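Asker: A single structure is presented below for examination.
The values are calculated or read from the model by the stated rules, or taken from the named source; none is laboratory data. On a predicted model such as this, the values are computed, not experimentally measured, just so you know. Every residue, glycine as well, gets a Cβ built from its backbone with ideal geometry; the counts of neighbours run over all protein chains shown.
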Amino acid sequence: MRDFNLNKLVRTTILNLQAYSSARDEFSDFESDLIFLDANENPFQTEVNRYPDPQQRDVKSVLAAQKGVSTQHILLGNGSDEVLDLIFRVFCEPSIDNVITLPPTYGMYKVLADINGIENREVLLTEGFELNTSEILKTQDSLSKLLFICAPNNPTGSMFSQHDIEMLLNKFNGLVVIDEAYIDFSECDSWLTRLEEFPNLIITQTFSKAYGMAGIRLGICYASVEIIAVLNKIKPPYNVNELTQQSAFERLIQLDVVEKELSLILNEKERLLKALLQVYFVSKIHPSQANFLLVEVDDANLRYQQLITKGIVVRNRSSQPLCKNTLRITIGTEDENNQLIENLKSLT
Ligand SMILES: *Cc1c(COP(=O)(O)O)cnc(C)c1O
């Protein structure tokens, strides 16, 4: 790896910032018999009368053990969306820096760039949904701070060549954010095992997909100790609430349930794939490493509307580049998928 100096990528404002230290940063050991009169809380027990642990230590320690990383490599946020926003605000100077995104991909990267006043340079995937590495490297300049790679990619469901990603990790000037929201559905390995090798690697994951907890809003960021430290500096002190921490913890210690659901979803994906191929207006189904299928049809707007009238909502991705006449269909339960198939077959 070439010379890497994280401080050159951090905004000056953030480097010089004196972080807020909350009451619970200083003392948060509720197991002890300390008397807490420091945070102006109501002392009467309601299960949530105390501020939550700002460092979410219980959740992080289970995650760390399961993923084989130390807790210092983990930051948790109010969904991946907050994690991604923190990354923008630490590294990108408004009206000066730029980021690179790779459409068709997750729309949030561009929205966050727009919100933060950061130029978003788009480099399309190739026709085969691979990374256009030479174009990405031509597009970067000394102010390119972040490159977003969604792997497996939403909405295509595709995985990128490991060799290409590695090349970008070696040659991109800024930080490479690999969004692994769908990694648990994939046969490919997470980049988590490569964290020590690449000081410019940030990996995001989420409780919203395979873990079945979109409602609690919990996103995960894995990166070097230095990157995590600087993100911690600006995160709101109590960004992950007590109820979220409790339910995430309970889910993590029952990972066998998650794994059972995962294997049901993957079985259903194979079944749905075969059934969709029998539908006369389906022309192509893109190979998917995620829990959805990107399906090419004769007329996506028409099929989308027809499905709505049958009470089934899918995502019309036709407006995305390289995704003409496509519907993105999430894998449901066996019963939901059966209804989808029946209804699709009845359409004329
Ligand atoms: C669904 C999804 C997420 C999850 O975002 P949360 O804010 O954690 O719910 C992140 N990235 C991608 C690509 C997604 O599709």
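Asker: Give the range 163-191 a look and list any residue that's away from the ligand (no atom under 16 Å from the Cβ) and touching a Phe, Trp or Tyr at 6+ places or on another chain (Cβ under 9 Å), or say none. So that I can check it myself, show each step before the final result.
Answerer: As a first pass, look at the range 163-191 and keep what is away from the ligand (no atom under 16 Å from the Cβ): 163-164, 166-175, 187, 189.
If the condition is that a residue be away from the ligand (no atom under 16 Å from the Cβ) and touching a Phe, Trp or Tyr at 6+ places or on another chain (Cβ under 9 Å), then Glu166, Leu169, Asn170, Gly174, Leu175 are the ones that fit.
Asker: Of the conditions (1) touching a helix residue (DSSP H, G or I) at 6+ places or on another chain (Cβ under 7 Å); (2) buried (at least 21 other Cβ atoms within 10 Å of the Cβ); (3) assigned to a helix (DSSP H, G or I), Phe249 clears all except one; give me its number.
Answerer: All conditions are met except number (2).
Asker: Let me ask you something else. I'd like the residue in the range 313-340 that is of a type in the set (A, V, I, L, M) and surrounded by fewer than 17 Cβ atoms within 10 Å (Cβ to Cβ) and, out of all such residues, is farthest from Glu127 (Cα to Cα). Please lay out each step first, then the result.
Answerer: Start the filter on the range 313-340 by keeping residues that are of a type in the set (A, V, I, L, M), which leaves 313-314, 322, 327, 329, 331, 340.
Within this subset, residues satisfying the condition of being surrounded by fewer than 17 Cβ atoms within 10 Å (Cβ to Cβ) are 313, 322.
Working: Val313: 27, Leu322: 7 Å.
The residue in question is Val313.
Asker: Kindly evaluate Tyr304 against the criterion of being touching a Lys or Arg at 6+ places or on another chain (Cβ under 9 Å) and in a helix (DSSP H, G or I).
Answerer: When the stated conditions are applied, Tyr304 passes them.
Asker: Which pairs do you get when a residue that is over 19 Å from Val258 (Cβ atoms) and without any contact (Cβ under 8 Å) to a residue 60 or more places away in the chain, found in the range 193-214, comes within reach of a residue that is more than 16 Å from the ligand (Cβ to nearest atom) and hydroxyl-bearing (Ser, Thr, Tyr), reach meaning Cβ atoms under 9 angstrom, with the pair 6+ apart or on two chains?
Answerer: Pairs found: Glu196/Ser224; Leu201/Ser224.
Asker: Considering only the range 204-226, state which residues are in a loop (DSSP other than H, G, I, E, B) and within 8 Å of the ligand (Cβ to nearest atom).
Answerer: Our first condition is that a residue be in a loop (DSSP other than H, G, I, E, B); within the range 204-226, this holds for 207-213, 217-218, 223-224.
Those that are in a loop (DSSP other than H, G, I, E, B) and within 8 Å of the ligand (Cβ to nearest atom): Phe207, Ser208, Lys209, Arg217, Leu218.
Asker: Quick check on the range 307-348: of everything there that is more than 17 Å from Asn267 (Cα to Cα) and assigned to a helix (DSSP H, G or I), which residue is farthest from the chain's Cα centre (by Cα)? First the steps, then the outcome.
Answerer: So the first thing to find is which residues in the range 307-348 are more than 17 Å from Asn267 (Cα to Cα), and the list is 307-328, 342-348.
The next check asks that each one be assigned to a helix (DSSP H, G or I); those that pass are 307-309, 342-346.
On the way: Leu307: 28, Ile308: 28, Thr309: 32, Glu342: 32, Asn343: 32, Leu344: 31, Lys345: 34, Ser346: 36 Å.
Among residues in the range 307-348 that are more than 17 Å from Asn267 (Cα to Cα) and assigned to a helix (DSSP H, G or I), the one farthest from the chain's Cα centre (by Cα) is Ser346.
Asker: I'm checking my understanding of the structure. Among residues of the range 227-242 that are surrounded by 15 or more Cβ atoms within 10 Å (Cβ to Cβ) and within 16 Å of the ligand (Cβ to nearest atom), which one is nearest to Ile178 (Cα to Cα)?
Answerer: Checking each candidate, the answer is Leu231.
Asker: Quick one: which strands (runs of 3 or more DSSP E) lie wholly within the range 51-131 and hold at least 3 residues that are over 25 Å from Leu192 (Cα atoms) and modelled with pLDDT of 95 or more?
Answerer: On the way: elements: 74-77, 98-101, 119-122.
Correct list: 119-122.
Asker: Looking only at the range 120-129, which residues are more than 15 Å from the ligand (Cβ to nearest atom) and of a type outside the set (D, E, K, R)?
Answerer: As a first pass, look at the range 120-129 and keep what is more than 15 Å from the ligand (Cβ to nearest atom): 120-124, 126-128.
Answer for the range 120-129, where residues must be more than 15 Å from the ligand (Cβ to nearest atom) and of a type outside the set (D, E, K, R): Asn120, Val123, Leu124, Thr126, Gly128.
Asker: Within the range 266-285, can one find any residue that is among the polar types (S, T, N, Q), surrounded by 15 or more Cβ atoms within 10 Å (Cβ to Cβ) and in contact with a helix residue (DSSP H, G or I) (Cβ under 8 Å, 6 or more places away or on another chain)? Please lay out each step first, then the result.
Answerer: Applying the first criterion (among the polar types (S, T, N, Q)) to the range 266-285 yields 267, 278, 283.
So of that shortlist, the ones also surrounded by 15 or more Cβ atoms within 10 Å (Cβ to Cβ) come out as none.
Scanning the range 266-285, I find no residue that is among the polar types (S, T, N, Q), surrounded by 15 or more Cβ atoms within 10 Å (Cβ to Cβ) and in contact with a helix residue (DSSP H, G or I) (Cβ under 8 Å, 6 or more places away or on another chain), so the answer is no.
Asker: So, in the range 101-119, exactly how many residues are within 16 Å of the ligand (Cβ to nearest atom), under 28 Å from Asn7 (Cβ atoms) and either touching a strand residue (DSSP E or B) at 6+ places or on another chain (Cβ under 7 Å) or among the hydroxyl-bearing types (Ser, Thr, Tyr) (or both)?
Answerer: The qualifying residues number 5.
Asker: Of the residues that sit in the range 135-150 and are surrounded by fewer than 23 Cβ atoms within 10 Å (Cβ to Cβ) and either within 16 Å of the ligand (Cβ to nearest atom) or β-branched (Val, Ile, Thr) (or both), which one is nearest to Tyr182 (Cα to Cα)? Lay out the reasoning, then the answer.
Answerer: First, the residues of the range 135-150 that are surrounded by fewer than 23 Cβ atoms within 10 Å (Cβ to Cβ): 135-144.
Cutting the leftovers down to either within 16 Å of the ligand (Cβ to nearest atom) or β-branched (Val, Ile, Thr) (or both) gives us 136, 139.
Details: Ile136: 23, Thr139: 27 Å.
Filtering the range 135-150 for residues that are surrounded by fewer than 23 Cβ atoms within 10 Å (Cβ to Cβ) and either within 16 Å of the ligand (Cβ to nearest atom) or β-branched (Val, Ile, Thr) (or both), the one nearest to Tyr182 (Cα to Cα) comes out as Ile136.
Asker: Something else about it: Among the residues of the range 79-100, which ones are away from the ligand (no atom under 11 Å from the Cβ) and among the charged types (D, E, K, R)?
Answerer: Selection gives Arg89, Glu93, Asp97.
Asker: Another question, if that's okay. Being farther than 28 Å from Glu250 by Cβ, surrounded by fewer than 20 Cβ atoms within 10 Å (Cβ to Cβ) and touching a helix residue (DSSP H, G or I) at 6+ places or on another chain (Cβ under 8 Å) narrows it down to one of Ile14, Ile96, Ile118, so name that one. So that I can check it myself, show each step before the final result.
Answerer: Working: Ile96 fails: touching a helix residue (DSSP H, G or I) at 6+ places or on another chain (Cβ under 8 Å); Ile118 fails: surrounded by fewer than 20 Cβ atoms within 10 Å (Cβ to Cβ).
Only one candidate passes the filter, namely Ile14.
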